[in-house]
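Colleague: Got a structure for you, questions after.
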Amino acid sequence: MLKIGIVCHPTYGGSGVVATELGLALAERGHRIHFVSHALPFRLPEAFPNTVFHEVDVTSYPLFKYPPYTLALAGRLVDLCRQEMLDVIHVHYAIPHAVAAYLCRQVLGSPVPKIVTTLHGTDITLLGIDTSFHEITRFGINKSDAVTAVSKNLASETEASFRPDVRIQVIPNFIDTEEFTPALRDPKVRAEHADPCEMLVGHLSNFRQVKRIPDVIRAFHLLQRKVPARLVMIGEGPELESARHLAAELGVSRRVSFVGAIPQAASILAQLDLFLLPSETESFGLAALEAMACGVPVICTRAGGIPEIVVDGSTGILCPVGDYAGMARAGASILLDRGRLESMRAAARSHAMTQFPKDTVVSQYEEL
């Protein structure tokens with residue numbers, strides 16, 4: 001039995017979801033899991049066997065324009081390690097989490113706990129290439145005892161940008177195919193979002209700029225001209241209001257519903273006929289995998305690690321970044337061909353089950 005501290009962001013995004021689901025899975029295997037963040041992670045239950053949540057209290061001082069979260073996190077980890085004698089601190093994101101873990105170990109003056117850093121993308125593709133963060137990101141990676149990346153693409157980008165001294169092991173994200181399943185399809189739930197004669201299209205994300213939310217609305221605007229359809233937008237974030245305005249501008253407001261951040265997103269994903277993910281970059285594309293596990297074909301951009309999870313022409317269709325018109329055409333071609341739609345539904349579900357099973361991936365982390 002290991003005592004593991006898992007440090008993650010609590011917000012509605014792939015890294016927090018993966019960190020939480022991994023911690024819960026390890027707890028089910030008998031390990032003692034301590035989640036550490038500045039708020040309760042979005043998908044973390046308030047009570048779960050073998051898990052404890054530790055909140056990082058960030059105090060505002062007049063001296064600081066921004067609260068020093070890295071130092072507050074390091075201090076919280078020091079206290080936790082002294083109380084619980086953690087074996088491992090598993091941080092999700094190099095900045096600021098890996099650096100905070102290193103500071104913790106320096107204060108303790110001990111080679112234990114070991115530090116495992118999992119890279120999810122933004123810390124490398126956005127923060128890491130910022131000159132003000134590049135060296136500290138590289139430092140955090142190099143001071144880790146083990147480093148993982150969620151896709152081959154992200155591992156390659158990290159090696160090219162930072163030339164780290166440590167080996168980067170690829171451990172992909174995973175999916176619980178009992179939680180995300182076509183078995184959740186329910187005519188009553190579907191009727192809340194679309195009429196029986198309409199197709200239901202969806203999107204799920206944290207509505208950040210990199211997700212290219214306007215492309216979702218524009219693609220749907222073109223698609224619904226060819227196929228009677230509705231669009232359900234799952235999630236929340238900075239691009240939410242602009243998406244509402246664009247839907248109104250294009251005259252599709254009544255056909256688009258914004259349902260907010262839903263902890264049990266599978267209940268809606270399983271009702272979809274098509275999923276759109278037009279991101280500018282994705283280190284993995286967990287939302288697309290969740291949709292596929294529910295038996296939903298996906299239309300995604302050929303960006304980052306997405307081609308590693310989507311089989312073009314079989315489980316979905318890949319389009320160039322920014323080609324929302326092409327995404328609309330691809331989506332309509334699937335929805336207008338019932339035979340092809342059902343074939344892609346089955347292929348999407350099968351691919352998610354065989355290539356990204358929860359038990360296999362959790363075992364890889366456990367072995368590491």
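No lab work stands behind these numbers, since they all come straight from the coordinates. Source: prediction; values computed, not measured. Counting neighbours? That spans all protein chains shown, and the Cβs are built from the backbone with ideal geometry, glycine included.
Colleague: Return the distance in nm (one decimal) between the two label points of a simple spin-label model at V112 and M1, each offset 7 Å from Cα along Cα→Cβ.
Modeller: Placing both labels 7 Å beyond Cα along the Cβ direction yields 1.6 nm.
Colleague: Quick one: angle between helix 338-355 and the longest Cα principal axis of the chain, in degrees between 0 and 90, rounded to 10, please.
Modeller: Taking the Cα atoms of the chain, the angle to 338-355 is about 10 degrees.
Colleague: Okay, moving on. Under a straight-distance cross-link criterion of Cα-Cα below 20 Å, which lysines are reachable from K114, leaving out those fewer than 8 residues away in the same chain?
Modeller: K3, K143
Colleague: Got a sec? Charge dipole of the chain, +1 on Cβ for Lys and Arg, -1 for Asp and Glu; which of T59, G316, P111 is way out at the positive end?
Modeller: G316
Colleague: With the calculation restricted to Cα positions, what are the radius of gyration and Dmax of segment 3-171 in angstrom?
Modeller: Taking only Cα atoms of segment 3-171, I get Rg and Dmax of 15.2, 45 Å.
Colleague: What is the Cα centroid distance between segment 215-248 and segment 74-112, reported in whole angstrom?
Modeller: So the separation of the two Cα centres works out to 42 Å.
Colleague: L71 to E135: extension gain in nm, 0.36 nm per residue of separation minus the Cα-Cα distance?
Modeller: Working: separation 64, 0.36 × 64 = 23.04 nm, distance 1.81 nm.
Taking 0.36 nm per residue and subtracting the Cα distance, the gain is 21.2 nm.
Colleague: Take the Cβ-Cβ distance between S343 and R82 as r, set R0 to 56 Å, and report the resulting FRET efficiency rounded to the nearest 0.05. Mind showing how you got there, number by number?
Modeller: Values: r = 57 Å, r/R0 = 1.02.
My answer for the efficiency is 0.50.
Colleague: Between K226 and R254, what length in nm is gained on full extension when 0.36 nm per residue of separation is reduced by their alpha carbon distance?
Modeller: Numbers: separation 28, 0.36 × 28 = 10.08 nm, distance 1.68 nm.
Difference between extended and current length: 8.4 nm.
Colleague: Another question, if that's okay. May I ask you to sort H97, H54, H203 by Cβ crowding, counting other Cβ atoms within 10 Å and putting the fewest first?
Modeller: Details: H97 30, H54 17, H203 27.
Ascending number of Cβ neighbours within 10 Å: H54, H203, H97.
Colleague: Related question: Which order results if C81, C104 are arranged by neighbouring Cβ count within 10 Å, fewest first?
Modeller: On the way: C81 23, C104 26.
Fewest-to-most Cβ neighbours within 10 Å comes out as C81, C104.
Colleague: I would also like to ask the following. Just to confirm the number: angle between the C-alpha axis of helix 131-142 and the first principal axis of the chain, 0 to 90 degrees, nearest 10?
Modeller: It works out to around 70 degrees.
Colleague: Continuing with the same structure: Enter the angle in degrees (range 0 to 90, nearest 10) between the Cα long axis of helix 358-367 and the first principal axis of the Cα atoms of the chain, meaning the one along which they spread out most.
Modeller: 20
Colleague: Sticking with this structure for a sec: Only Cα pairs under 8 Å and at least 6 apart count here; give the relative contact order of segment 3-171 as a rounded whole percent. Write down the numbers at each step before the final one.
Modeller: Numbers: 300 pairs, mean separation 30.0, N = 169.
Relative CO of segment 3-171 lands at 18 percent.
Colleague: From the P(r) of the chain, could you give the percentage of C-alpha pairs in the tail past 34 Å? If you can, show how the numbers build up before the last one.
Modeller: Numbers: 18982 of 67528 pairs.
The calculated P(r) of the chain puts 28 percent of pairs beyond 34 Å.
Colleague: Which percent of Cα-Cα pairs in segment 150-211 sits in each 10 Å bin, short to long?
Modeller: Cα pair-distance distribution for segment 150-211, in percent: 15, 25, 28, 17, 12, 2.
Colleague: Nearest 20 debye, what's the magnitude of the dipole of the chain about its Cα centre given +1 on Lys and Arg Cβ and -1 on Asp and Glu Cβ?
Modeller: On the way: 34 positive and 39 negative charges, 102 e Å.
I would put it at about 480 debye.
Colleague: Here is a follow-up. Kindly give Rg over Rh for segment 246-368, based on alpha-carbon atoms, with the Kirkwood expression for the hydrodynamic radius.
Modeller: Values: Rg = 15.3 Å, Rh = 15.4 Å.
Dividing the radius of gyration by the Kirkwood radius yields 0.99.
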